[in-house]
Amino acid sequence: MFRFIHTSDLHLGKPFGRHTEDVRGRLRQARHGVLDRLAAAARDQGAGTILLAGDTFDQETPAPTITRQALNAMRQAEDITWVLMPGNHDSLVASELWQTITRDKPDNLVLALDAEPIVLGAAHILPAPCTTRNPGRDLTVDMARPTPEGALRIGLGHGGIHDFASLGSVAAEGPSGTIAPDRAALAGLDYLGLGDWHGQIRVSANTWYSGTPEPDSFKHAHAGTALAVSLAGVGSVPDVKPVRTGAIHWQRLALDLMPQDDVIELVAGRLPPLDLRRDTLFHMDVQGRLGVQQVQQLRLGLERAAPDFLNLTYDLGAVRLEHNTNDLDAIDPSGGALRQAAEALALRAQDVDLSAADRQIAASALSQLFFFVAEQDA
Amino acid sequence: MKLRSISLSNVRKFAGQTATISGISDGVSVVAQANEFGKSTFFDALHALFFLKYGSTTREVKALQPRAGGAVRVSAEIELPKGRFTLEKSFLAQKRASVKDANGTIIALDDEAENWISQLMGSGLEGPAGLLWVRQGITALEPAGSSKTEKDSLLGARRNLLSSVAGEIDMITGGRRMDRVIEAATQALARLATATGKPVVKGPWKEAELEAEAHALRHAELDRACRDLTSALAQRREVTARLSQLEARGAQEALTLALEQAQAAYDAAQAHADKVAQAEAQAKLRQLELDGAQAKLDGLIATAQTFDAARTVLELATNAHREAKTRADSAQAVMEKAEADLTHAGIALKAAADAKETAQQQALHRNAAEKHDQLADLVAQIGGKRRALEAAHSIFKGLQVTPDALSLIEQTQATYTRAKHEASAGGVTIELSYDGVERVAASGVVLESGLHTIAQRQVFDLDGIGRMTIDPGAAALDMAAVEQASLKAAAALGAVDMPDVAAARAAAAQRLEVASEIALLTRLIETLAPRGIEAAQAELDQAKAALAVLQGGAAPVVEDMAVLEKTFETAQEAEQAARRAYDRLRDTRDGARTKLAQTEAERGAAQNAFDTAAAAYGDPATFAQRQADAARAHSSAQVTAQDAHATVAEIRRAAPDLITAQADLTRAKTVAENAREERSELRTRSADLSATIRARAEDGVEEKRDEVAGLLQSAQERAARFAHEAAGLSLLVEALRAKRGAAQEAYFGPVQEELAPLLALLHDDAALSFDPTSMLPQGLARGGAEEQMEMLSGGTQEQIAILTRLAFARLFARQGKPMPIILDDALVYSDDTRIMAMFTALHRVAADQQVIVFSCRQMAFAGLGGVRPQVDVVQDR
């Protein structure tokens, strides 16, 4: 039985410039600790090897502290053998990076800088390191090279397969790749571990994208896991098990609301549990039709919940304001000047002759009117 | 609310007293008291009761306290729809507030009492009641000197009144709610944007834009650094790849092998070239041998030819010389004969010439002797004249009396004579005759015997006798002038050494005569010797010398010169003919001699050439054999040379190209050297690039760039959100103002409605216009023309201020919340006619409104009518 952890796309050194200083600090801290958590997961799973299938580093030439601290983390996990392969972000073009790592690496770190098989006991690792950011060819072709009889053949690649569409719903967002999806079969591999796709994907029984162990965006509904893989022997179906490694949750929620919805209740029911919120970046995309009061309620509800989270953002840009009598009555039931102003703005927000930008400005004005009136009446 | 009574205790002038106004009716109540009664005290105390906190210690409260101090108490009995209540406040020393019902039961105390009163009054000064007070002397619509806060407060009060009174107005305009919303939106917009829609400096929108700009600049800078890094990495890859290529074992070996092969090829080519050179040297040697054989053979042939030719030439030269010798000898003999003829002719010519010479000498001697004699005579004459002249000059030199000297002598003598005559005409004359040795002296001068003229008074010393004075008196003469003239005359004579005038005259005449002789002699000499005496003498000496020369020749023989001349000419012609013949024959002889010498030289040369050729030719007997031997040697050398040249050609054909081999070697060396230099340069370049890469890597530029890219995007999104928000707020404010503006057209309708009948009491066809912002009257329209409020008279302003409040009060009353209108000496500027109209207006309002009027103008306000409440003042215990 050969057990190992398959992971990729750590993107160490990713700056997260779009976030506030506090959030950036937390995200960096979480990313910094992911190697320790991978080592712990390996120990938990009885695995002595961790295969890093590319994009361990976010930049081709990361700051020395990033490289050094990553190597230190691997060195400290001396009971683990790390196999490090360049991906598209840290391809072989990143010569300074790989020179530095080659020079400073600990003994328990094995570099997969070419297609030469790496022998780890009974297993032969057949790497396909990215030569450049966009190699433009299927580098896994070299995995067909022979290995000794009876050896486990484990391929390690990085990039998209060219048939993502066959994988179902994730296909639409998948990268346009060059790797043959049946490379494992073609090359006689017992397992093909792939990197590049930050979400976890099972391509086939023995071909997997591990996904990132520490998510870095809302793109993938993925909590941050690695794959614990067990190979019983040559030709056996691998036992693949996701193990949790992520520290920060990136959760994105899309809501399609209607005027009749109780937005407060609906949103409250969809937010993560309280104990997870402090480690969660939460983003809500709302669309549908809502009344002004509902938008106001939704906004207030989210603002009230925001302090619970590491960060909470929302986008109401796709909400179409629906102005019912109740909303306008809330502003001015008497039909006076306030009401007339609100009605004028509501008409403008729905005027198809205006540009979408002008309609959004009118909707914003109406929403602000509602806010100010509510503030005055409070 | 209606007031029924007011009671003050220990308030201002009512120190230690309680003053009460009671019996205040529903309509108009007039408290008309004299000045200093305390009307304003009532007014202020009532104001404090309703609007000041019981715990207040403001100046306004303290102003109520009498000098003696103590607690200030104010109470009022009011009537509300739900019953009668007594409000009481005690300020300063005993702070307390209370509200009691009609039964005297306290229903609220202190703060609760304050709240009860505040609700009753509608938020104090901001409430509608605040509008209904008109203090003494206040005529403006807003109190003069009001602060902005006070004005805002009063504006709010007016709006409250209108909003609360006229529901329809509120419905139309939005009331204060609308104002607050506009204010909030405006403030929110002002935090973001300027009036022109630009981001406010230091506002969040502008800050976001500035942040985005700063991030953009930083991002561009970092992006450049990243590109530099990427470029450096790419260059280093190329350098490393090239270096690997150069340093690969096979590559270096190939270079070494290529160099060795090129060197070997070059060495082989060089060796072959040496071989060619040796063959060429041999061929050259053989060629030289052939050339030598050829030369020897040619030499023999040439020698034979030369010998034959020299022999022929020698024979010809010998014959020519012989002929020339013959011709030269003949010419010599002819010339010698001509030479003898010439000698004879010369002798004859000389004899003729000598005869002619002699005759010529004789003629010359004669002429010279004649000339000598003439000249000797002339010189003798000149010598005589010259001696006479010298004698005349000698005489002349001794004669000094010139005409000028003579003239001076004669002039001074005449002067003396004239003076002497003048003296002899008047003076005293004494005559001395001495007998003895004693002498008479005058002025120390001894006088000689004789006559002496005494011209003036003079003392004479008579030795042994004494002194004698003679004084000619009037006839005294000027003897000094006589003496002076005498001296001058003597001097003139002395100058030319003449004893007297006659001698001087004679000497002068002789001098003239001698001078004339000198002139004559001079002219004679000049005539005889025009070129001078010396020239004449020299000419004589010359003639004498010439004569001496001629006198040395042959004795003169007289000959016929014509014959001599003819003889000479004949001899001369004969000599010339002989000379010409001689010259011609001599030339002939010289030509023959020259020819002879020439042929002699030619014969010698031919002999020399022949001797040389003969020597070269050698023994004629062996010559043929020698020539045959040379021809054979030549043939042999010719074969040997051809073989040597053939060998050279053959070796050359087989030779590699040395230049090409050398070029290959040079190229191989260059390639090896270039590779070495390139390796060195690449290592240096690689080190430089590595340094650049490390520097960039240490900066973490890619991470920073990505981070700044995120920050930039975030800032841009934030700026866009603010821009969107500002646009929304701007649109909102615009919409609200537009709707409120439209509604304000109807805003003042109710006020105008209440105001119109009141205004009509004062002015026919008059109307007030209101400022929509301040909500106060801004102009009065009368007779089709509108006048601004500040242009109206004090009385009219005062009346409009009160009427406006009455109109507001009417609105308030119509809402079912009547409040008392309290006027404190408010109508102080109005004339009698107007004040009556105002009284009517007050009564008109008082139909459903309490109006309480304080006034000190008892007579003027007598016409107001109304009820006169009872006023009591009692001393407190």
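Using alpha-carbon pairs under 8 Å, 6+ residues apart, how would you state the relative contact order of segment B:76-120 in percent?
25
How many angstrom lie between the C-alpha centres of segment B:488-517 and segment B:588-667?
128
Pick from A:ARG26, A:ARG289, A:ARG348 the residue whose mean-square fluctuation is largest in a GNM of chain A, springs joining Cα atoms under 10 Å.
Greatest mean-square fluctuation among the candidates belongs to A:ARG348.
Compute the Rg to Rh ratio over chain B from the alpha carbon atoms, using the Kirkwood formula for Rh, and round to two decimal places.
Taking Rh as the inverse mean 1/r over Cα pairs, Rg/Rh reads 1.69.
Which of rounded, prolate, oblate describes the protein assembly as shown, given a ≥ b ≥ c as roots of the alpha-carbon gyration tensor eigenvalues and a/c under 1.5 marking rounded, otherwise prolate only if a/b is larger than b/c? Walk me through the numbers on the way to the answer.
On the way: a/c = 5.01, a/b = 1.54, b/c = 3.25.
Oblate.
Quote the charge dipole size of chain B about the Cα centre in Debye, to the nearest 20; the model charges only the Cβ of Lys and Arg (+1) and of Asp and Glu (-1).
Approximately 5500 debye in magnitude.
Considering Cα pairs under 8 angstrom that are at least six residues apart, work out the relative contact order of chain A and quote it in whole percent.
Contact order relative to length: 12 percent.
Select from A:GLY301, A:LEU345, A:MET258 the residue farthest towards the positive end of the dipole of segment A:249-377; place +1 on Cβ of Lys and Arg, -1 on Cβ of Asp and Glu, and compute about the Cα centre.
Selected residue: A:GLY301.
Tell me, how many Å apart are the Cα centres for segment A:48-117 and for segment B:800-877?
After rounding, the separation between the Cα centres reads 97 Å.
So how far, in whole Å, is the C-alpha centre of segment B:52-67 from the one of segment A:302-378?
Centre-to-centre (Cα) distance: 50 Å.
Please give the FRET efficiency for B:ALA241 paired with B:GLU183, using the beta carbon to beta carbon distance and R0 = 60 Å, rounded to the nearest 0.05.
After rounding to 0.05, the efficiency reads 0.25.
Subtracting the Cα-Cα distance from 0.36 nm times the residue separation, let me have the gained length for B:THR469 to B:LEU285 in nm, one decimal.
Full extension of this stretch gives 49.8 nm more.
log₁₀ I(q)/I(0) of segment A:10-70 at q = 0.15, 0.21, 0.28 Å⁻¹, via Debye over equal Cα point scatterers, no solvent, to two decimals?
Debye output, listed in q order: -0.52, -0.89, -1.20.
What is the antiparallel percent of DSSP beta bridges lying wholly in segment A:2-244, to the nearest 5?
Details: 17 of 44 bridges.
About 40 percent, rounded to the nearest 5.
Want the number for B:ALA71 to B:GLN119: 0.36 nm per residue separation, take away the alpha-carbon distance, what's left?
That pair, B:ALA71 and B:GLN119, stretches by 14.7 nm at full extension.
Tell me, in nm to one decimal, what length is gained between B:GLN625 and B:GLU483 on full extension, where the rule is 0.36 nm per residue of separation less the Cα-Cα distance?
35.4 nm
Roughly what angle does helix B:749-762 make with the longest principal axis of chain B, taking Cα atoms, 0 to 90 degrees, to the nearest 10?
80
Which pairs, out of B:LYS350/B:LYS371; A:LYS105/A:LYS241; B:LYS2/B:LYS39, put more than 24 Å between their alpha-carbon atoms?
Beyond 24 Å: B:LYS350/B:LYS371; A:LYS105/A:LYS241.
Which net charge results when you count Lys and Arg as +1 and Asp and Glu as -1 among the other residues whose beta-carbon is under 14 Å from that of B:GLU677?
That works out to +2.
As I understand it, the dipole of chain B uses +1 on the Cβ of Lys and Arg and -1 on the Cβ of Asp and Glu, about the Cα centre. Which of B:PHE623, B:ALA562, B:ALA345 lies farthest toward its positive end?
Of the listed residues, the answer is B:PHE623.
Residues in segment B:833-851, backbone N under 18 Å from the label point at B:ALA766 (7 Å along the Cα-to-beta-carbon vector): list them, ranges by number please.
In segment B:833-851, the label zone of B:ALA766 (backbone N under 18 Å from the point 7 Å along Cα→Cβ) covers B:833-845.
With label points built 7 Å along Cα→Cβ from the Cα atoms of B:GLU315 and A:ASP239, find their separation and express it in nm.
Taking the simple label geometry, B:GLU315 and A:ASP239 are separated by 14.7 nm.
Please determine, in degrees from 0 to 90 and to the nearest 10, the orientation of helix B:175-192 with respect to the longest principal axis defined by the Cα atoms of chain B, where the helix direction is its Cα long axis.
Approximately 20 degrees, to the nearest 10.
Tally Lys and Arg at +1 and Asp and Glu at -1 over the other residues with C-beta under 14 Å from the C-beta of A:ALA374: what net charge comes out?
-3
Say each of A:GLN287 and B:ASP298 gets a label point 7 Å from the Cα, pointing the same way as Cα to Cβ; how far apart are those two points in nm?
Inter-label distance under the simple model: 11.7 nm.
How many nm separate the modelled label positions at B:THR417 and B:LEU378, each set 7 Å beyond the Cα in the direction of the Cβ?
Calculated label separation equals 5.6 nm.
What FRET efficiency comes out for B:ARG782 versus A:ASP329 if R0 is 51 angstrom and r is the Cβ-Cβ distance? Round to the nearest 0.05.
Efficiency for this residue pair is about 0.70.
Can you list, bin by bin at 5 Å, the percent of alpha carbon pairs in segment A:2-244, starting at 0?
Going from the shortest bin to the longest, the percentages are 1, 7, 15, 20, 22, 17, 12, 4, 1, 0, 0.
With contacts defined as alpha carbon pairs under 8 Å and 6 or more residues apart, what's the relative contact order of chain B in percent?
Numbers: 1120 pairs, mean separation 245.1, N = 877.
Once normalised by length, the contact order is 28 percent.
Mind checking which aspartates and glutamates have their C-alpha under 16 Å from B:LYS385, skipping anything on the same chain fewer than 8 residues away?
B:ASP377, B:GLU517, B:GLU526, B:GLU534
Expressed as an acute angle from 0 to 90° and rounded to the nearest 10, what is the orientation of the C-alpha long axis of helix A:95-104 relative to the principal long axis of chain A?
The two axes meet at around 60 degrees.
Could you calculate the FRET efficiency of B:LEU520 with B:VAL549 from 1/(1 + (r/R0)^6), where r is the beta carbon distance between them and R0 is 41 Å, rounded to 0.05?
Computed FRET efficiency for B:LEU520 and B:VAL549: 0.55.
Please check which bits of segment B:643-678 a label hung off B:LYS275 would reach, taking the label as a point 7 Å along Cα-to-C-beta and the cut-off as backbone N under 15 Å.
Flagged as within label range: B:647-658.
How large is the charge dipole for the protein assembly as shown, taken about the Cα centre, if only the Cβ atoms of Lys, Arg (+1) and Asp, Glu (-1) carry charge, to the nearest 20 debye?
Numbers: 134 positive and 166 negative charges, 848 e Å.
Its charge dipole is roughly 4080 debye.
Mind checking which aspartates and glutamates have their Cα closer than 20 Å to the Cα of B:LYS488? Skip sequence neighbours fewer than 8 apart in that chain.
Partners found: B:ASP404, B:GLU410, B:GLU422, B:ASP478, B:ASP497, B:ASP500.
All of the numbers you see were taken from the coordinates with simple rules; none came from a lab. Quick caveat, the model's predicted, so the values are computed rather than measured. As a convention, Cβ positions derive from the backbone with ideal geometry for all residues, glycine included, and neighbour counts pool all protein chains shown.
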